[in-house]
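Please read the structure below before turning to the comments.
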Amino acid sequence: MDPVRTQSRLSRCAILFVDLRGYTTLCEDLAPSAVASLLDEFYGVISEAVASSGGQVHNLSGDAVMAVFGLAEPTPGGDGRAAVESGRKMIGAFQPMGNRWESAHGVPTGIGVGVHLGVVAESELGPPALRRYTLVGDTVNVAARLCHRARAGEVLFSSEVATQLGDAERQEIIALPNFSLRGRAAPVRIYCVPAPERMDPMNPSVTLG
C-alpha cells in the first residue's frame, strides 16, 4: 500500500493543556456512568473558559483538554495572554465545582494548566480510513509537559507566554526554576500563576524585565 503523503501548514499560536487531578480515584470509586457525567460537566466549564477568551477546544481525551489560541486569527492582546486568561477562568470556575464533587463523592479534585507559545504544524495524520486533523511540534509537547508539572490550581507557562502579559498581570506571577524536558536539549524558562501553597510570603511576585 502506498503511504499517504502528509501535507502540513506552519502556524504560530498558543497551546493550552488542562487536566483533572483526582480522576484516577474518581474512576476507581464511582460507576463509569457517574464518571462520565462529571467529565461532561468538566468539559463544559473548560470549553466555556476557552471560548470566552477567544480560543478553540482542539481535543478532548479522557480527563485532559487541549485548546489553541490564535490559530485562525491573532487573539487581541496576544495569544499567550489570552491563554493565561483562559487558564485563570478555568481554575476559578472549577473550584466550586470541585468542592461540590468532594462533598458528594469524598474525592479531592483540582485542575492544572500548562501554556506555551510557538510554531505548530497543522496536519492530517493517520491511515486513510482514520486520518484526522491535528497539531504537531515542540510547542505542543512543551505545553503538555508544563500541564503535567503544574500543581492543582495553578497555570504554568513559558517565558514566550510571559512576555505578552501586561504590567498588572506580571505582578501576580512568580518565576520558577528552568524546566528540563527529557530528550529536549534546551530547558524551558517558566513562570506561573501560582496555587496558594506556591507563594513565598517574603517574595510573592516577580517583575519581568
Here, helices (runs of 4 or more DSSP H) confined to region 109-174 with at least 2 residues that are surrounded by 17 or more Cβ atoms within 10 Å (Cβ to Cβ) and not charged (D, E, K, R) are 138-149, 159-162
Exercise for the section: Say whether the condition of being more than 14 Å from Ile15 (Cα to Cα), crowded, with 21+ Cβ neighbours inside 10 Å and touching a Gly at 6+ places or on another chain (Cβ under 9 Å) is met by at least one residue in region 76-93. Expected result: yes
Within region 96-108, the residues that are in a helix (DSSP H, G or I) and either touching a residue at least 12 places away in the same chain (Cβ under 8 Å) or buried (at least 22 other Cβ atoms within 10 Å of the Cβ) (or both) are Met97, Gly98, Trp101, His105
Going through region 44-89 in order, the residues found to be in a helix (DSSP H, G or I), over 17 Å from Leu165 (Cα atoms) and out of contact with any strand residue (DSSP E or B) (no Cβ under 6 Å at 6 or more places or on another chain) are Gly44, Val45, Glu48, Ala49, Ala51, Ser52
Of the residues in region 154-185, those that are touching a strand residue (DSSP E or B) at 6+ places or on another chain (Cβ under 6 Å), under 20 Å from Val68 (Cα atoms) and not aliphatic (A, V, I, L, M) come to Glu154, Phe157, Ser158, Ser159, Glu160
Over region 63-94, the set of residues more than 14 Å from Val155 (Cα to Cα) and over 14 Å from the mean Cα position of the chain (by Cα) is Gly70, Leu71, Ala72, Glu73, Pro74, Thr75, Pro76, Gly77, Gly78
| query | Can Leu60 be described as of a type in the set (A, V, I, L, M, F, W, C), in contact (Cβ under 8 Å) with a residue 12 or more places away in the chain and farther than 18 Å from Pro96 by Cα? | reply | yes
Of (1) under 16 Å from the mean Cα position of the chain (by Cα); (2) touching a residue at least 60 places away in the same chain (Cβ under 8 Å), Leu30 satisfies every one except (1)
By residue number, the members of region 175-209 that are in contact with a helix residue (DSSP H, G or I) (Cβ under 9 Å, 6 or more places away or on another chain), modelled with pLDDT of 85 or more and either assigned to a loop (DSSP other than H, G, I, E, B) or surrounded by fewer than 12 Cβ atoms within 10 Å (Cβ to Cβ) (or both) are none
Can you spot a residue in region 19-35 that is buried (at least 20 other Cβ atoms within 10 Å of the Cβ) and within 25 Å of Tyr133 (Cα to Cα)?
yes
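The values are calculated or read from the model by the stated rules, or taken from the named source; none is laboratory data. These numbers were taken from a predicted model, which means no experiment stands behind them. Cβ coordinates were reconstructed from backbone atoms using ideal geometry, including for glycine residues, and neighbour counts include every protein chain displayed.
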